[in-house]
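Colleague: Before we start, here is the structure in question, set down as structure tokens.
No lab work stands behind these numbers, since they all come straight from the coordinates. Fair warning: this is a prediction, and the values are worked out from it, not measured in the lab. For neighbour counting, all protein chains shown are included, and Cβ atoms are generated from backbone atoms with ideal geometry for every residue, glycine included.
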Amino acid sequence: MMRTVFVNPERCIGCLQCEIACAVEHSASQDLALAFREAPLPRKRVHVQAGPVPDTAYPNKCRHCDPAPCQRVCPTGAISRDASGDLVLIDAKRCIGCAMCAVVCPFDVLTFHPLAGALTPEAAVAVKCDGCEQRVGRGEVPACVESCKVDALVYGEINELMAGGRLRETGAVLAAMGSTPTVTPNGDPLAGWRSFGAARVSVNDTAQGAWLRRRRQNGARADQNGNGEGSQALDGTTREEGTS
Amino acid sequence: MSTTYDGGRLLGRLTIHDDAQQMIDRAREEGIETVWDRLHAQEPQCGYCQLGLSCRNCAMGPCRIDPFGEGPQKGVCGADADVIVARNLGRAIAAGSSSHSDHGRDILEVFSAMAHGETSGYQVTDEAKLRRIAEEIGIATEGRSVNEVAIDLADELMANYGTAKGSLSFVERVPALRREKWAGLGITPRGIDRENVEMMHRTHMGVDNDYVNLLLHGLRTALADGWGGSMIATELSDIMFGTPTPVTSEVNLGVLEVDQVNIAMHGHNPLLSDVVVTAAQDPELVELARSYGATGINIVGLCCTGNEMLMRKGVHIAGNHLMQELVLVTGALEAMVVDYQCIMPSVVDVAKCYHTKVISTSDKAKFPGATHVSFDPHRGAEIARDIVRMAVEAYPDRNRDRVRIPVAPVQMMGGFSVEAILGALGGTPKPLVDAIVAGTIRGAVAVVGCNNPKLAQDFEHIELTRKLIENDILVLVTGCAAVANGKAGQMMPAAADLAGPGLGAVCKSLGIPPVLHMGSCVDNSRVMQLAAALANAIGVDIDSLPLAGAAPEWYSEKAVAIGAYVVGSGITTVLGVQPPIFGSANVVNLLAGGLDDVVGAKFAVEPDPYKAALLIRRHIEAKRQGLGLTFIASEDIRDDEFAAAGATVGS
């Protein structure tokens, strides 16, 4: 079992909600209107980086590598792996801000800011995604995933997510093939590929959604949130219940 | 200022009413989506927008300011958080002010057409009020016919919308000290449309980049609503449909009749509902209903159309804003007739699950999936009969097995126009002033505004109101707040027992409830008039009076405009839902602090009804102290209720 926040960058619309949700989640007040007045400021750990062409973006965050290069080079042992094995965590109390972790990070996701719980209140320490371990411990999905309305960020067991992705690819290929016979010599030869593209990035029947729905139909996962059953059945997405 | 309190979460409930909860449960059983499901799907909502830090005003954007300081601190144009928050707030005020004022214009146009003899179904019902208002704004009435006076009044008020002569006609009603204050600040409202147009202009990129200047114009835009568009709507509605007098009615979903054709009038404007109420009594249509097995035709109200009908005719009211989908879920409604404002597009979808017809009537408010009957005042009576007939024709399609009317109705009293209140007091505000001076009544609070699914429906309205009356503070209600208190049984004379000894005794001697229904949301102009009358009776400005406003469950832009004109008129107002301004500390500091030095009133945000009551009580006692009246020191006003509730509320 390797549970992770998986990124579908083709879906990201650059709304930055994940950044806000992340910062609020890592605040003392847990309240948006108060969080940005706290000292030290709560910091986001997901970074929506604009792409080289307009309207593209990639929500970048710690991939929690194993073995983690940052953990190997940390001279004070501030970086460790949690008991579940899914997360790489930084102990702010032991961070000396040397930035060696940033040097070796394959994804450049480290930032340096003063942080509550650090050795000194002023010194910048390494800040990165902690996998929302407290939220996940409560049975919730990470804050960035909850805030993402378009499934650019999804949470789950990596092999299940990939299986869902393959299901989507299969649907896309079949959609392209299925439309091919209708293409006449004078017709639009791109129709098949358009169908492929539409299925490939379809939002309403997401890869992970379809996969998780099927699992649910098979009774693989009981709905633990009976209270919200009605509304979940209505909103068409299964992201939260499937991962709770 | 606490911001984390959540009435819904505290209670673990979506609503505190049995009728609403039963219908929510039923909607869930039947797979019908409601406002609460859609809110759930939207959460968590956009953080930038909640803070007011997003701007969509131009195509160099859209832009956002990063509240945490790592990202951009200016939009593409260079606007910082202060400008963006102030521009967004200004546009919200303009939208709310425009809504009330356009409603007022529709009434004014029908009033004018009526005076020219061009309408069907409309007449002057309160001729004395027509003549009084005409004289008030300098129109000769002596020896002139009703229609002659009405034509002149209509022309004069139409000029209020466009280029007025200096200021709006009803600004004359404002106490002189307040008028001087407005003139000094340059916020005297000049023309109703003008202030709205100017706000749209100022908030265009590259115009008004000073948040203080923008917010001052926000007050002026709102004042053009409260003392202009809304006031015109109220006054002309009174002239045409009758000035309200105390009347007893019934409220909640129990007002639906299991064996009658039920028609819900939903929206805001009384132009249509008034003629529909008349049409429903047409013997031919009643006979048609009987031929289908119904025993009659039952008109009920929803939202402010409901308040308009209740105030003047005692028509029963099914509920407020969050009841509009749930009333359909009873399966007992033949037609929901709508005009405009606060009508969720979703009512069409919910109605499709039943036999209910949604009939839209305003050409400026169409609802795909509804039947549109274009309302034309020239044929008002005929169109009203057509609408009622459509509803009656739907009765045979009702599925009796799906009809569930959940509860028995509750009685509530309405009809407290300023004229009615002064009438009950013997024609002058003096007895009320005397009671306030003596301290039997500590002050008065207008509890107004909407419902918001982010809070347990009606909880804040009812609890705040109850805490206030328990402390001898007279409560005036309009809009959704009135319906909430009606359902809670706090609006009958017997509710005087819930009030403190001083207020309770006054209510018992006059036979009135401690919570007075003053009408729809445009009728907040009545609250302004009453406040002005009190100030003039004492000879002070409005901001010296022991008054406050509260919008505990507000949601709409109209509520933003109301809050702004109430504060601009000198009455401090407490909001129960956080407005999208917290992204700018400067704007917050001005609205929640600096404004007090400028207009003698300010905003506060307090989502907890018990803490809001505490805040308001301290404010009222401080105002009493300012007037040299008996007062209770702030530290002696303690909130034991909240501690008893055992809830934890954020910082």
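Colleague: Measure out, as a whole number of angstrom, how far apart the alpha-carbon centroids of the range B:316-344 and the range B:563-637 sit.
Modeller: Cα centroid of the range B:316-344 versus Cα centroid of the range B:563-637: 34 Å apart.
Colleague: Which ordering of B:Leu547, A:Leu119, A:Leu110 is given by a fewest-first count of other beta-carbon atoms within 10 Å?
Modeller: Exposure proxy ranking, most exposed first: A:Leu119, A:Leu110, B:Leu547.
Colleague: Would you mind ranking B:Cys55, A:Cys98 so that the residue whose beta carbon has the fewest other beta carbons within 10 Å leads the list?
Modeller: Fewest-to-most ranking of B:Cys55, A:Cys98: A:Cys98, B:Cys55.
Colleague: Among residues other than B:Pro429 whose Cβ falls under 15 Å from its Cβ, what is the net charge (Lys/Arg +1, Asp/Glu -1)?
Modeller: Surrounding charge for B:Pro429 is +1.
Colleague: Output the pairs from B:Lys74/B:Lys611; B:Lys467/B:Lys508; A:Lys93/B:Lys74; B:Lys602/B:Lys623; A:Lys149/B:Lys352 with a Cα-Cα distance over 25 Å in this structure; if there are none, say none. Working shown, then result.
Modeller: On the way: B:Lys74/B:Lys611 36 Å; B:Lys467/B:Lys508 19 Å; A:Lys93/B:Lys74 34 Å; B:Lys602/B:Lys623 13 Å; A:Lys149/B:Lys352 28 Å.
Listed pairs above 25 Å: B:Lys74/B:Lys611; A:Lys93/B:Lys74; A:Lys149/B:Lys352.
Colleague: Could you run the Karplus curve 6.51 cos²θ - 1.76 cosθ + 1.60 with θ = phi - 60° over the range A:52-68 and give me ³J(HN,Hα) per residue in whole Hz, x for Gly and Pro?
Modeller: Ordered by residue, 3J(HN,Hα) equals x, 10, x, 6, 10, 7, 10, x, 8, 7, 4, 8, 6, 4, 8, x, 8 Hz.
Colleague: Let me ask something else about it. Amide H neighbours of B:Val475 under 5 Å, counting only residues 5+ apart in sequence or on other chains, H built in-plane at 1.01 Å?
Modeller: B:Val445, B:Leu516
Colleague: Using a cut-off of 14 Å between beta-carbons, work out the net charge of the residues near B:His372 (Lys and Arg +1, Asp and Glu -1, B:His372 not included).
Modeller: -1
Colleague: Moving to a separate point now. What is the range B:81-241's relative contact order, in percent, from Cα pairs under 8 angstrom and six or more apart in sequence?
Modeller: 42
Colleague: Two-decimal Rg/Rh of the range B:81-241 from alpha-carbon positions, Kirkwood Rh?
Modeller: Here Rg/Rh amounts to 1.04.
Colleague: May I ask for the net charge around B:Ile542, where only other residues with Cβ less than 12 Å from the Cβ of B:Ile542 are counted and Lys, Arg are +1 while Asp, Glu are -1?
Modeller: Around B:Ile542, the charge tally is +3.
Colleague: Counting other beta carbons within 10 Å of each Cβ, put B:Tyr555, B:Tyr48 in order, fewest first.
Modeller: Lowest count first: B:Tyr555, B:Tyr48.
Colleague: Per residue of B:41-49, how many C-beta atoms from partner chains lie within 10 Å of its own C-beta, taken as a mean?
Modeller: Average neighbour count from other chains, rounded to a whole number: 6.
Colleague: Any idea which of B:Ile473, B:Met158, B:Cys342 is furthest toward the positive side of the dipole for chain B, if Lys and Arg beta-carbons carry +1 and Asp and Glu beta-carbons -1?
Modeller: Of the options given, the answer is B:Ile473.
Colleague: Here is a further query. Taking each residue of A:12-24 in turn, how many C-beta atoms of other protein chains fall within 10 Å of its C-beta, and what is the average?
Modeller: 4
Colleague: Using a ≥ b ≥ c from the Cα gyration tensor of the protein assembly as shown (square roots of the eigenvalues), is it rounded, prolate or oblate, where a/c under 1.5 gives rounded and otherwise the larger of a/b and b/c decides, a/b for prolate?
Modeller: Prolate.
Colleague: So which lysines pass the test for B:Lys129, namely a Cα distance under 20 Å, with those fewer than 8 places away in the same chain ruled out?
Modeller: Reachable lysines: B:Lys313.
Colleague: Sticking with this one: Taking amide H atoms as placed 1.01 Å from N in the peptide plane, list the residues 5 or more away in sequence, or in a different chain, whose amide H sits under 5 Å from that of A:Ala57.
Modeller: For A:Ala57, whose amide H was placed from the backbone, the distant partners under 5 Å are A:Gly51.
Colleague: Tell me, how many Å apart are the Cα centres for the range B:25-91 and for the range A:71-126?
Modeller: Measuring centre to centre over Cα atoms gives 33 Å.
Colleague: Exactly which GluC sites (Glu not before Pro) in the range B:83-170 are in a DSSP loop and have at most 15 other Cβ atoms within 10 Å?
Modeller: Here the sparse-neighbourhood loop sites are B:Glu118, B:Glu142.
Colleague: Which FRET efficiency value, to the nearest 0.05, do you get for A:Leu167 and B:Thr371 by plugging their Cβ-Cβ distance into 1/(1 + (r/R0)^6) with R0 = 41 Å?
Modeller: E(calc), rounded to 0.05, equals 0.40.
Colleague: Quote the relative contact order of chain B in percent (integer), defining contacts as alpha-carbon pairs under 8 Å separated by 6+ residues.
Modeller: It rounds to 18 percent for chain B.
Colleague: Rounded if a/c is under 1.5, else prolate if a/b is larger than b/c, else oblate: which is the range B:150-211, with a ≥ b ≥ c the root eigenvalues of its Cα gyration tensor?
Modeller: It comes out oblate by the Cα gyration axes.
Colleague: Applying the Karplus parametrisation 6.51 cos²θ - 1.76 cosθ + 1.60 with θ = phi - 60° to the phi angles of the range B:127-132, what ³J(HN,Hα) value in whole Hz is obtained for each residue in order, glycine and proline being reported as x?
Modeller: The phi angles translate into 5, 4, 5, 4, 5, 4 Hz.
Colleague: Mind listing the long-range amide H neighbours of B:Thr15? Cut-off is under 5 Å, sequence gap 5 or more, other chains count too, H placed in the peptide plane at 1.01 Å from N.
Modeller: For B:Thr15, the qualifying residues are B:Gln457.
Colleague: Here's a follow-up. Per residue of the range B:197-210, in order, report the coupling 6.51 cos²θ - 1.76 cosθ + 1.60 (Karplus, θ = phi - 60°) as ³J(HN,Hα) in whole Hz, putting x for Gly and Pro.
Modeller: Those phi angles translate into 4, 5, 5, 5, 5, 4, 8, 5, 4, x, 10, 8, 10, 10 Hz.
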